[in-house]
């Protein structure tokens, strides 16, 4: 029994959680056979319990990538700075702190993957900066999605 989702009896479950003072959508996507093994349920709960650490890892990756003009976080920032009037003049140093976590996706299959979706706070566009992590919180990929 998951501490977050209770009985995991379907391939998709969704909850709203509080993180860093904001409401964040949390969804569980299961491709492994149901019911999940107790060890898999424990990993799901651990990911949620370690959300601060996963969020920090994603933000650190975004910050490190700002040095590369072709990196996804730079392109995402430039788009908002140049094309969204409400974000005009957004300073590069203020960019990562201005990101709000809007969704956490936990994907359970042969391994467990975590996807963190970020949007700039304030006027929203349909654009997301996405970090893909493993269950230990290592960032494996960053992408700009809409």
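Computed from the coordinates by the stated procedures, all read-outs in this text should not be read as laboratory data. The structure displayed is predicted, hence computed values, not measured ones. Note that each Cβ is placed from the backbone with ideal geometry, even for glycine, and that neighbours are counted across all protein chains shown.
Figures for the structure shown
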read-out: Failed criterion for residue 99 (all others in (1) over 10 Å from the mean Cα position of the chain (by Cα); (2) farther than 15 Å from residue 24 by Cβ hold); value: (2)
read-out: Residue, nearest to residue 132 (Cα to Cα), within region 59-74, restricted to residues that are part of a loop (DSSP other than H, G, I, E, B) and in contact (Cβ under 8 Å) with a residue 12 or more places away in the chain; value: 71
read-out: Residue list for region 6-35, filter: surrounded by 15 or more Cβ atoms within 10 Å (Cβ to Cβ) and in a loop (DSSP other than H, G, I, E, B); value: 8, 32
read-out: Failed item, numbered, when residue 133 is tested on (1) part of a strand (DSSP E or B); (2) closer than 23 Å to residue 21 by Cβ; (3) free of Cβ contacts under 8 Å to residues at least 60 places away in the same chain; value: (3)
read-out: The one condition in (1) touching a residue at least 40 places away in the same chain (Cβ under 8 Å); (2) in contact with a helix residue (DSSP H, G or I) (Cβ under 8 Å, 6 or more places away or on another chain) that residue 77 fails to fulfil; value: (1)
read-out: Criterion violated by residue 40 - all others in (1) loosely packed, with under 13 Cβ neighbours inside 10 Å; (2) more than 18 Å from the chain's Cα centre (by Cα) satisfied; value: (1)
read-out: Qualifying positions in region 40-58 - in contact (Cβ under 8 Å) with a residue 40 or more places away in the chain, out of contact with any strand residue (DSSP E or B) (no Cβ under 7 Å at 6 or more places or on another chain) and either outside any helix (DSSP H, G or I) or farther than 12 Å from residue 4 by Cβ (or both); value: 50, 53
read-out: Residues (out of contact with any helix residue (DSSP H, G or I) (no Cβ under 7 Å at 6 or more places or on another chain) and part of a strand (DSSP E or B)) located in region 100-130; value: 100, 102, 103, 105, 107, 113, 115, 117, 118, 119, 128, 130
read-out: Residues (more than 13 Å from residue 138 (Cβ to Cβ) and crowded, with 19+ Cβ neighbours inside 10 Å) located in region 44-58; value: 44, 48, 51, 55
read-out: Enumeration of residues in region 81-98 that are under 18 Å from residue 116 (Cβ atoms) and either surrounded by 13 or more Cβ atoms within 10 Å (Cβ to Cβ) or touching a helix residue (DSSP H, G or I) at 6+ places or on another chain (Cβ under 6 Å) (or both); value: 95, 96, 98
read-out: Filtered residues of region 9-35 (kept if more than 20 Å from the chain's Cα centre (by Cα) and farther than 17 Å from residue 114 by Cα); value: 9, 10, 33, 34, 35
read-out: Scope region 136-146; condition assigned to a strand (DSSP E or B) and surrounded by fewer than 17 Cβ atoms within 10 Å (Cβ to Cβ); matching residues; value: 140, 141, 143, 144, 145
